[in-house]
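Since the structure comes first, as structure tokens, the remarks are kept for the end.
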Amino acid sequence: MKSIYLVGFMGSGKTSIAECLHKALGWGLQDTDQMIVDYYQMSIPTIFEQKGEAVFRKYEANMLHNTTAENTIVATGGGIIENEENRQWLINQGNIIFLQTSWEEIERRLQHDSSRPIWNNQSRDKQKLLEDRTPKYLEVASHVIQTDNKTEEMIASEIISNIHA
Ligand SMILES: Nc1ncnc2c1ncn2[C@@H]1O[C@H](COP(=O)(O)OP(=O)(O)OP(=O)(O)O)[C@@H](O)[C@H]1O
Ligand SMILES: O=C(O)C1=C[C@@H](O)[C@@H](O)[C@H](O)C1
Ligand SMILES: [Mg+2]
């Protein structure tokens, strides 16, 4: 079967739910953020600090194109949909799940986070970023799953029923 791509804002649960789906379906698992760290041998905060966001976005697009097209759960980075070519590429793949999460829930989940450079950049308006990005997640999505007040396992089951529907 075609791979499943998870898209959504930081903290929407792409990495966590990809892990649940990987266990439930026995498919391969990829995470574009982790692929970047492994390939370039640098943490994401270090890439942002030393190379800048534009370079990170190039690395991210390269990794997206290197993901496996079949029988793989792919967690993407929260900003993957910023790039129009990435959006078109995702639309062409088909199984794109948007994990839609409210601002209040994201704030709760990431209140102690120190690993996400954009989240931790005090000069960025993250709530506005979520508003600006939401139409882009919706543009690529073949399925939209609300994640507020659901456990990771509940969300994974919902995704499995959706893709089998
Ligand atoms: N359904 C959920 N309910 C409660 N907490 C959750 C849920 N899904 C994920 N979390 C928690 O939210 C935090 C962020 O999750 P995760 O790293 O999976 O997000 P992400 O979408 O991959 O973010 P990023 O875009 O930054 O990679 C983690 O602490 C995770 O345990
Ligand atoms: O939303 C974003 O722009 C990001 C989300 C993370 O997954 C990482 O890709 C990185 O921290 C940037
Ligand atoms: Mg992640």
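The values are calculated or read from the model by the stated rules, or taken from the named source; none is laboratory data. Predicted, not measured: the structure shown is a model, and the values here were computed from it. Neighbour counts run over all protein chains shown; Cβ positions are idealised from the backbone, glycine included.
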Practice item. Considering every residue within segment 75-97, establish whether at least one is within 15 Å of ligand 1 (Cβ to nearest atom), more than 27 Å from Ile160 (Cβ to Cβ) and without any contact (Cβ under 8 Å) to a residue 24 or more places away in the chain. Key: no
Practice item. Go through the residues of segment 69-91 one by one and say whether even a single one is among the polar types (S, T, N, Q), touching a strand residue (DSSP E or B) at 6+ places or on another chain (Cβ under 8 Å), surrounded by fewer than 17 Cβ atoms within 10 Å (Cβ to Cβ) and closer than 16 Å to Leu6 by Cα. Key: yes
Study note, to complete from the structure: Considering segment 108-159, residues that are of a type in the set (Gly, Ala, Ser) and more than 26 Å from Ser3 (Cβ to Cβ), and then whichever is modelled with the lowest pLDDT, we arrive at Ser114
Exercise for review: Could you please let me know if Ser115 is part of a loop (DSSP other than H, G, I, E, B), among the small types (Gly, Ala, Ser), closer than 22 Å to Ala54 by Cβ and more than 12 Å from ligand 1 (Cβ to nearest atom)?
Suggested key: no
Check your understanding: Within segment 55-103, how many residues are modelled with pLDDT of 95 or more and not in a loop (DSSP other than H, G, I, E, B)?
Key -> 34
Revision key, fill the gap. Filtering segment 54-67 for residues that are touching a residue at least 12 places away in the same chain (Cβ under 8 Å) and closer than 14 Å to Glu82 by Cβ leaves a count of 6
Study note, to complete from the structure: Of the conditions (1) of a type outside the set (Gly, Ala, Ser); (2) under 18 Å from Ser114 (Cα atoms); (3) free of Cβ contacts under 8 Å to residues at least 40 places away in the same chain, the single one that Lys14 does not satisfy is (3)
Review point. What are the pairs, 6+ residues apart or on separate chains, where a residue within segment 20-31 that is over 22 Å from Leu64 (Cβ atoms) has its Cβ under 6 Å from a residue that is surrounded by 17 or more Cβ atoms within 10 Å (Cβ to Cβ) and small (Gly, Ala, Ser)?
Key: Ala24/Ala156
Practice item. Considering every residue within segment 46-54, establish whether at least one is of a type outside the set (D, E, K, R), crowded, with 16+ Cβ neighbours inside 10 Å and away from ligand 1 (no atom under 16 Å from the Cβ). Key: no
Practice item. Name every residue in segment 72-93 that is of a type in the set (D, E, K, R) and closer than 12 Å to Arg133 by Cβ, in order of residue number. Key: Glu82, Arg87
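Results for (1) of a type in the set (Gly, Ala, Ser); (2) over 17 Å from the mean Cα position of the chain (by Cα); (3) at positive phi; (4) surrounded by 16 or more Cβ atoms within 10 Å (Cβ to Cβ), shown as yes or no for each residue.
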| residue | (1), (2), (3), (4) |
| --- | --- |
| Gly94 | yes, no, yes, no |
| Thr101 | no, no, no, yes |
| His112 | no, yes, no, no |
| Arg116 | no, no, no, yes |
| Gln122 | no, yes, no, no |
| Lys126 | no, no, no, yes |
| Pro135 | no, no, no, no |
| Thr151 | no, yes, no, no |
| Asn162 | no, yes, no, no |
Revision key, fill the gap. Flagged in segment 2-19 as touching a strand residue (DSSP E or B) at 6+ places or on another chain (Cβ under 9 Å) and either part of a helix (DSSP H, G or I) or near ligand 1 (Cβ under 8 Å from one of its atoms) (or both), in numbering order, are Leu6, Gly8, Phe9, Ser12, Gly13, Lys14, Thr15, Ser16, Ile17, Ala18, Glu19
